[in-house]
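Report on one structure; see the data block that follows.
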Amino acid sequence: MSLIVAKSLSKTYATDSVAVKALQEVNFDIEVGAFLAFVGPSGSGKTTLLNLIGCLDKPTSGSLQVAGVDVLKLGRRQAAEFRGQNVGFIFQSFNLIAVLTAFENVEYPLVMVQELRPAERRDRVLKALKAVGMLEQKNQMPEQLSGGQKQRVAIARALVTQPKLVLADEPTANLDHETAYMILRLMKQMRDNFGITFIFSTHDTRIIGEAEIVCTLEDGKLLRCEAGHG
């Protein structure tokens, strides 16, 4: 069953008098439960593609369906609601809010987007932190956490909304070798346990080696998608 379907997806950015073609006529079909990496050199269109899938930007042309929704037709508010209900994000720099505890960072998207009773919100946050092994650190501030612990909290934050899809932009770039593999194993466990689809934008050979599908981009064009080693 397809979770994401893109047809002739293109994105052009106008900078001064120059048009930059970030994506050119890209076509792909991503199944539910995929563990997929978009790879390629800087400027190949990887992050642009994740932004389009995550409804953070809109294409110049083509069509894109995510979870059965034509996301190109969504207005700004509708796109925000769609993200809150369907998409989790994990970033290279963790993007934790420095003045909030681990618990509060994970709770934040529920407060901002989803209308839940406080008791249900607390229950979801505690379950998400437990799933990533960070329950004991729930009251610690980001500055008190290691890089791997920060990324675990970021994963919990991405999962707490119970999304269908998690988009991860270079999520292991700031992690040491052992911690990176620990995080990747954790993500696969989340996929296996909850059926969440994980899509990465990465240069990291560790992710590429663990991905089950590897899609190569170059100069905004999708060259191929092939089975990975993961």
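What follows draws every value from the coordinates through simple rules; no lab data is involved. Fair warning: this is a prediction, and the values are worked out from it, not measured in the lab. Cβ placement follows ideal geometry from the backbone for every residue including glycine, while neighbour counts extend to all protein chains displayed.
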Using 7 Å Cα-to-Cβ label points, what is the Met1/Lys130 separation (nm, one decimal)?
2.7 nm
Taking amide H positions as placed 1.01 Å from N in the peptide plane, with prolines and chain starts having none, which residues 5 or more places from Gly230, or on another chain, fall under 5 Å of its amide H?
Ala211, Glu212
Charge tally in the Cβ shell below 14 Å around Asn139, where Lys, Arg are +1 and Asp, Glu are -1, Asn139 excluded:
-2
How large is ³J(HN,Hα), in whole Hz, for each residue of the stretch 170-182 in order, when computed from phi with the Karplus curve 6.51 cos²θ - 1.76 cosθ + 1.60 and θ = phi - 60°, using x for Gly and Pro?
6, x, 10, 4, 9, 10, 6, 4, 5, 5, 4, 5, 4
For the chain, the spread of Cα positions along each principal axis, largest first, Å
49, 40, 39
Please list 3J(HN,Hα) in residue order for the stretch 203-213, calculated via the Karplus relation 6.51 cos²θ - 1.76 cosθ + 1.60 where θ = phi - 60°; whole Hz, with x for glycine and proline.
9, 6, 5, 5, 5, 4, x, 8, 5, 8, 9
Amide H neighbours of Gln140 at under 5 Å, excluding residues fewer than 5 places away on the same chain, with H built from the backbone geometry, are Ala102, Phe103
List the residues, sorted by chain then number, that are 5 or more residues from Leu23 or on another chain and whose placed amide H is less than 5 Å from its amide H.
Lys11
What cysteines in the chain have no other cysteine with a beta carbon less than 4.7 Å from their beta carbon?
Cys55
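Could you tell me the calculated FRET efficiency between Val18 and Asp123, based on Cβ-Cβ distance and R0 = 45 angstrom, to the nearest 0.05? All intermediate terms of the calculation are to be shown ahead of the outcome.
On the way: r = 51 Å, r/R0 = 1.14.
In this case the efficiency is close to 0.30.
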For the stretch 151-210, take the alpha-carbon Rg, divide it by the Kirkwood Rh, and send me Rg/Rh.
0.93
How far apart, in nm, are two points set 7 Å out from the Cα along the Cα-to-Cβ line at Glu31 and at Ile97?
3.9 nm
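Taking 18 Å as the cut-off for C-alpha to C-alpha distance, list the pairs among Lys46/Lys73; Lys58/Lys164; Lys138/Lys188; Lys11/Lys164; Lys130/Lys150; Lys21/Lys221 that go past it.
On the way: Lys46/Lys73 22 Å; Lys58/Lys164 20 Å; Lys138/Lys188 23 Å; Lys11/Lys164 24 Å; Lys130/Lys150 14 Å; Lys21/Lys221 10 Å.
Those over the limit are Lys46/Lys73; Lys58/Lys164; Lys138/Lys188; Lys11/Lys164.
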So how far apart, in nm, are the two label points at Tyr108 and His177 if each is 7 Å from Cα heading toward Cβ?
3.3 nm
